[in-house]
Structures are given as structure tokens and as C-alpha cells.
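Let me begin by presenting the structure, written as C-alpha cells, before commenting on it.
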């Protein structure tokens, strides 16, 4: 599977993720999309397409995290999304958007588990520490 296929798949489901984020904003659960984390439950083929994007999937959705799971792990509070216009049962995924439990990085505003791991930069996530004092992150897709 190519990353290009993963990007196309992400573009199909992104509007539903944005709508779910907006619903949580209206309910005052989220203030911004970067407070959100998204879990995506899908079949094996879609799983391979989306995991090809690695951690960069969160940048496509403009969320703090995006996790991909196989369909059998789906919870009952997910939203159904069809990945093709045919709306075939075989071509659907399920998403769940939730508020991150982690603190916000003061530089990138992502809510990350690794904030404070660097004693010299206690308010930064590891990605920002790498970008500020290291060689910088290397992105391939987003």
C-alpha cells in the first residue's frame, strides 16, 4: 500500500472527523481541534493505507493524535463513515473523536504525552524540542 492511497483515504474521512470535532466544540467539550484525538476503526486494507502515513496522520486531521485500529476493536460510541460513494458495508470505517487528556505544548499547541520529558524545555513536546535544539523533525507526507 502506498502513502498516496492513505492520503486519499484520509481526505475521504476528514470531513466527518471535522464535523465530529465541531459537534464537540458546540457541546463545549473541545475548544479547538488540537484538543482532539481521533480513533479510526477499519478493515485490514484501510488499516494498511492509513498506517503508511504513520504519526503524520494527525497533521492531516489537525488533531493532537490519530490512532488506527482494526475493525474488531470498535467501540459502540463510534460514528460510521463510508469510504466510497457506493456506501457498501464492506467500505465503511468507524471513528471516535475525544478530548485529549494530555497537556498542551506551548510551542505547537498539540496535546502530547511527552510534554515535560526534556528538563531544559519542560513546556515543550519532544517534537518541538527536536525542532528547537535538534536537527528538526522529518516529515514525508503532511
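Computed from the coordinates by the stated procedures, all read-outs in this text should not be read as laboratory data. What you are looking at is a predicted structure, and each value in this text was computed from that prediction instead of being measured. No Cβ is skipped: glycine too gets one built from the backbone with ideal geometry, and neighbour counts run over all protein chains shown.
Structural remarks
- The sole residue among 96, 72 that is in contact with a strand residue (DSSP E or B) (Cβ under 9 Å, 6 or more places away or on another chain) and surrounded by 15 or more Cβ atoms within 10 Å (Cβ to Cβ) is 96.
- Every condition in (1) under 17 Å from residue 109 (Cβ atoms); (2) touching a helix residue (DSSP H, G or I) at 6+ places or on another chain (Cβ under 7 Å); (3) buried (at least 20 other Cβ atoms within 10 Å of the Cβ) is met by residue 58 except one, and the failing one is (2).
- Any chance residue 40 is closer than 23 Å to residue 110 by Cβ and within 15 Å of the chain's Cα centre (by Cα): yes
- Against the list (1) farther than 19 Å from residue 13 by Cβ; (2) surrounded by 13 or more Cβ atoms within 10 Å (Cβ to Cβ), the condition residue 120 fails is (2).
- Residue match in region 114-137 (condition: in contact (Cβ under 8 Å) with a residue 60 or more places away in the chain and either in a strand (DSSP E or B) or under 16 Å from the mean Cα position of the chain (by Cα) (or both)): no
- 2 or more residues touching a residue at least 60 places away in the same chain (Cβ under 8 Å) and closer than 22 Å to residue 138 by Cα: qualifying helices (runs of 4 or more DSSP H) within region 1-112: 3-26, 57-61
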